[in-house]
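To keep things clear, I will list the structure first and then write my remarks on it.
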Amino acid sequence: MRSTRRCCALSDAPPFFILGSNGSGSTLLRLMLDSHDRLAVPQETGIMRLVTAHRWIPHWGFGGVWHHRLGMTDEDVDRELEAFYGGMFDRYAAAQGKQRWGEKTPFHVWHVEDICRVFPGAALVGIVRHPLGSVGSIVRRFDRPPAKAATHWLGVTRELVHQAGIVGDALCVVRYEDLAREPEPVMRELLDWLGEPWSAGVLRHHEVQADGGSREAEGGTRVDEAVDPARIERWKDWVDGDVQREVLDRTREWAALLGYADDPASVAACITADGSGRRFVVSGSELAARAQSTAGLDLSPPRRPRTDDPTLPRDMTSRRRAVRRAEAARQEATRQVFDRLPPKLQRKVREARRGRSD
């Protein structure tokens, strides 16, 4: 089947996706990039869950191969999805007078494989934050228990590192604290990594975004607030001493991988490779190499949250397996009933069975 490409693409540059845990500063990064002269990054859409849903028709034996009946391959479907969803974002970018689009949905960290398949060449920008900072933000904004917030941070951090080992330099990672302290050098490095020219608008996002009328973005982030390094310390209002120790005990080794010390106020260590010419933007290859050389880290894929698991069809194999289990259970129940019969009655049952077989 002829592959469909986006006829309305505004730029040869591929889209980019901002990923990270909740409370990591992804909305701030979105607002800054969206204030660039060429880049359009709307509020989070969660589209990759929709893209995933196209792969399967739930609870049907043929739910994974429905498109084969139309003479379409898996790659054909991916190109149709690229044209459909990419076309929506192209139109959004054009309406903003921009030439390239990006997307920011934190939980898309669990959909990197699908992003790379449907949007070939897509750039992935991960943003991370000290675990205490993320946990404090999650507790404040989403009212989650600190233990669950720490579990969320760990899962997302491990998945970012896992994907870094797969996609390599298609992914880069920036730290929220670096962005808050030194926004211009961080954004210069990030824009260079994205292949975009410098735009002073990224440092004036609080002015650019405020022109739109709304004063609040997703997650309660104020669009008219300038970058403020004092935000780094906000976690202290929401995480007390006992919780702080518990969070650090659970996250310390992964925080250290990202260059963090126990105290979020400490300037994080530089973890870019020598000779890279970068101080703040860490490539996926650099992060993966650092993880491989760190003893004691469990680098196996983390467990995906249930909400990001696709609803798979009940294929014929699983149905047959279920029937066999039910049949075995029925036979065992019948055997137990037979064993409780009097010996004389058991003999009569056996004789009756032999008679039927003859």
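Read-outs: derived from the displayed coordinates by stated rules, not from any lab. Worth saying up front: this structure is predicted, and the values here are computed from it rather than measured. As a convention, Cβ positions derive from the backbone with ideal geometry for all residues, glycine included, and neighbour counts pool all protein chains shown.
Tabulated values for the structure
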| quantity | calculated |
| --- | --- |
| Dimensions in Å of the stretch 90-215 - Rg and Dmax from alpha carbons | 16.2, 44 |
| Using alpha-carbon coordinates, inclination of helix 146-167 to the longest axis of the chain, degrees | 90 |
| Fewest-first ranking of M32, M72, using other Cβ atoms within 10 Å as the exposure measure | M72, M32 |
| Value of Rg to Rh for the stretch 207-249 (Rh from inverse mean 1/r over Cα pairs, i.e. Kirkwood) | 1.18 |
| Distance in nm between pseudo-label sites at A210 and V337 (7 Å out along the Cβ direction from Cα) | 7.9 |
| For the stretch 37-124, radius of gyration divided by Kirkwood radius, i.e. Rg to Rh on alpha-carbons | 1.02 |
| Helix axis angle, 183-194 relative to the chain longest principal axis, alpha carbon, degrees | 60 |
| Spin-label pair R91/R188, simplified geometry with 7 Å Cα→Cβ offset, distance in nm | 4.0 |
| Rounded to 5, percent antiparallel among DSSP beta bridges of the stretch 16-308 | 15 |
| Least to most buried among E351, E286, E218 (fewest other Cβ within 10 Å first) | E351, E218, E286 |
| For the stretch 234-287, alpha-carbon Rg over 2.2 N^0.38 Å | 1.37 |
| Positive-end residue of F84, A122, T73, charge dipole of the stretch 71-166 with Cβ unit charges | A122 |
| Expected 222 nm ellipticity per residue - DSSP helices of 4 or more, -39500 (n - 2.57), all of the chain, to 500 | -14500 deg cm²/dmol |
| Rg [Å, one decimal], Dmax [Å, integer] - the stretch 177-267, C-alpha atoms | 16.3, 46 |
| Inter-label distance, nm, simple model (7 Å from Cα along the C-beta direction), D74/D309 | 2.1 |
| Projected-area mean, the chain, by convex hull of Cα positions, square nanometres | 27.1 |
| Helix 131-142 vs. the chain, principal-axis angle (Cα, 0 to 90°, nearest 10) | 80 |
| Cα-based reach from K104 at 28 Å (exclusive), listing lysines while leaving out same-chain residues under 8 positions away | K148, K236 |
| Highest average packing first - 298-305, 131-138, 59-66, 248-255, Cβ atoms within 10 Å | 131-138, 248-255, 59-66, 298-305 |
| Likely footprinting exposure, Y260, Y92, fewest C-beta neighbours within 10 Å first | Y92, Y260 |
| Theoretical FRET efficiency, 1/(1+(r/R0)^6), r = Cβ-Cβ of T45 and K236, R0 35 Å, to 0.05 | 0.60 |
| Two-site FRET efficiency, R117 against Q346, from Cβ-Cβ distance with R₀ of 35 Å, rounded to 0.05 | 0.05 |
| Space enclosed by the convex hull of the alpha-carbon atoms of the stretch 78-164, per residue, Å³ | 122 |
| For the stretch 155-213: span of alpha carbons on each principal axis (Å, largest first) | 39, 25, 23 |
